1. In degrees from 0 to 90, rounded to the nearest 10, what is the angle of the helix 449-471 Cα long axis to the longest principal axis of the chain?
2. So which cysteines of the chain have no other cysteine's Cβ under 4.7 Å from theirs?
3. Quick one: grab the alpha carbon gyration tensor of the range 389-518, order the square roots of its eigenvalues as a ≥ b ≥ c, and give me rounded if a/c is under 1.5, else prolate or oblate depending on whether a/b is larger than b/c.
4. Sort Phe472, Phe599 by heavy-atom solvent-accessible area, probe 1.4 angstrom, most to least.
5. Grab the DSSP H runs of the chain that are 4 residues or longer, score each as -39,500 (n - 2.57), total them, divide by all residues and round the 222 nm result to the nearest 500 deg cm²/dmol.
6. Can you return the lysines within cross-link range of Lys55? Criterion is Cα-Cα under 25 Å, with same-chain partners fewer than 8 residues away left out.
7. By how many nm would the segment from Thr389 to Lys596 lengthen if fully extended, with 0.36 nm per residue of separation less the alpha-carbon distance?
8. Starting from the Cα of Arg147, step 7 Å along the direction of its Cβ; do the same at Asn254; then give the gap between the two resulting points in nm.
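The values are calculated or read from the model by the stated rules, or taken from the named source; none is laboratory data. These numbers were taken from a predicted model, which means no experiment stands behind them. Reconstructed Cβ throughout: ideal geometry from the backbone, glycine too, with neighbour counts over all protein chains shown. When the accessible area is computed, the model is the full protein with side chains, heavy atoms only, and any ligands, DNA or RNA have been set aside. Shrake-Rupley method; radii C 1.70, N 1.55, O 1.52, S 1.80 Å.
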Amino acid sequence: MSEPGNRLRRLLESPNFDPQNYVKQLSQQSDGDRDLQEHRQKIQNLADETAQNLKKNVYKNYRQFIETAKEISYLESEMYQLSHILTEQKSIMESITQALLSTDKDETSKEMQAAFPKESEEVKQRSLTSLLEKVEGGKTIMDTPGRHLVYNGDLVEFDVDNMSPVQKVHAFLMNDCLLIATWLANRRGAVKYKYNALYDLESFAVVNVKDNPPMKDMFKILMFPDSRIFQAENSKIKKEWLEILDETKKNKANKERGKKEEEKTPTSPIRVEVSTNPFDQDDDDEQAEVEENVDLGLEWIQELPEDLDVCIAQRDFEGAVDLLEKLNEYLKEQPLTTKVKELRAKVDERVRQLTDVLVFELSPDRSLRGGPQATRRAVLQLIRLGQSTKACELFLKNRAAAVHTAIRQLRIEGATLLYIHKLCNIFFTGLLETAKEFQMDFAGNTGCYSAFVAWSRSAMRMFVDAFSKQVFDSKENLSTASECVKVAKEHCLQLTDIGLDLTFTLESLLVKDVKAALLSYKDVIVEATKHRNSEEMWRRMNLMTPEALAKLKEEMRASGMSTFDAYTGADCWVNLSYTLVAFTKQLLSFLEEALKLYFPELHTVLLESLREIVMVAVQHVDYSLRCEQDADKKAFVVLNAAFLHDCVLPEVERRFEEAVGKPAKQLRELRKSTRPVRINPESTTSLV
């Protein structure tokens, strides 16, 4: 830049620059418009140079911008995971604290029950009876003896898929089951609710749902394979529901466990009376000897429950499963004594906690950026815990959410073919990676493969919905639609490398839209042909320049009409009418694009469409042969008819049969029904 330009730059970049004073001084110093125009040009040149330098700097640091954005994205993901780990550790520490305090609570509750057993039981049953009188269809619930009310309250049920409110419900928690009743819109007397569902306490699991405003104070009830989500009025009521549900489930399990032990070791009054039996003492000694032979005093066994808690808190899932397998191996040959049962009960509680954490790891709420490999850790540990069915279900749900998110985030481009290339690349690459990961994780569980095949078909339906919406709903031309379908087929064939063939599924889902596109384009060609026929003058075609003639010859040879050169003459003339040449080009173009879209289900539809298009031209030539009076024009019509019968129809029939591998019966019958015409101006023979 020149010295005046540098001075101007320094002036504009100075921190004390005042635009108003600068303009005032400039207008006072200038002699006229010429000086102002020159100064304006200098400022414009400086602005252009600055913009160019800025653009160069952006291009120069473009890679650094991308890398910085990636690092920010990775950091965001790691911060989210760290937050999740801290939240889990906090919840685990709270559960450990509650477990330590539960002993005192149990002793207190036992003392209260011992002091007032009959009164509390009767009060609870009376409360339940009075409440169930308000439930339509709930009278038979009290038929079970010993059933009483533990807790009840209003909840709001949400849809599991889209997290939208569904209905307001009232939940009744009893000592052995959970009743869900919906609110009646039109109340009848004292009846306020309507029976909805009754779940046994052992048939479902309760999972805390992390608060994600405005979705908060929620918990989920899992009943394989379904689930329901409820929202409490506030966090305090939600906490009460979770604690009371967990405590009630434990009480029922302990009660049933005690009944089973009593059934296995019944106390007979006769044995007490016959105290002189010499074998009684031997049996007692034998039982005591078995108890002594089971050594549970090993240090690692004593510390096992605490070690499992630590592994779960530190997300060391592999270490926790290793400890469980070691314990199972040790207890496999040991007799089932009271000490072993107590140890099993403690360990089973930790197994449930570990399972809940692994289930959350595979939930779609987690980050989906890691791909299928990110789920491997949780899936393998669930399989090792003997829950391969649950692992398969959660893995496929996770991948379905990932596919849906990837398709939804794909930006719709202006060019349809470009969008379809990106869509196919994202979907089929993700499907291929999911299949490979599934084969690796579930190699020893062949029973899960049917679930993967069913999931693949549902994922294909999701892909076809997005595909059809962009290709067929937007009314793209047949050429673009055929290219898009060809791209989808090519990507689908890549799945056969791993033994997964979804071509039939893809074709069956697309056949309706493809058929509609073929029929629509066929109608366009028929209308265009009829319009040209109405303006037919039966004159030779003059292309004016040799270049145009050469171009037409090349187009015809590319379309397969190798005999077209015989119908061209000197001086850029073609011995065919413009209407027939345009019809031939349009027919062969339709055939080429339609064959790219060909499915076996569309065989008859395509043949009938071709036959209908050809019949428009045949009927027009036949009408002209019958009605034309001029001898020269009639001879020219005969020449065009011969071209249509001897060149166009055989070429269409040949190309169709080569591409499809089946005979084109309708086209063959149409060609046989048209008699070859002789070039005789005085002949009145028609084409048909």
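1. 40 degrees
2. Cys177, Cys311, Cys424, Cys484, Cys492, Cys572, Cys627, Cys647
3. Because a/c hits 1.5 or more and a/b exceeds b/c, the range 389-518 counts as prolate.
4. So the residues, ranked largest to smallest area, are Phe472, Phe599.
5. The helix-only estimate for the chain comes to -22000 deg cm²/dmol at 222 nm.
6. Output for Lys55: Lys42, Lys70.
7. Full extension of this stretch gives 70.4 nm more.
8. Taking the simple label geometry, Arg147 and Asn254 are separated by 2.4 nm.
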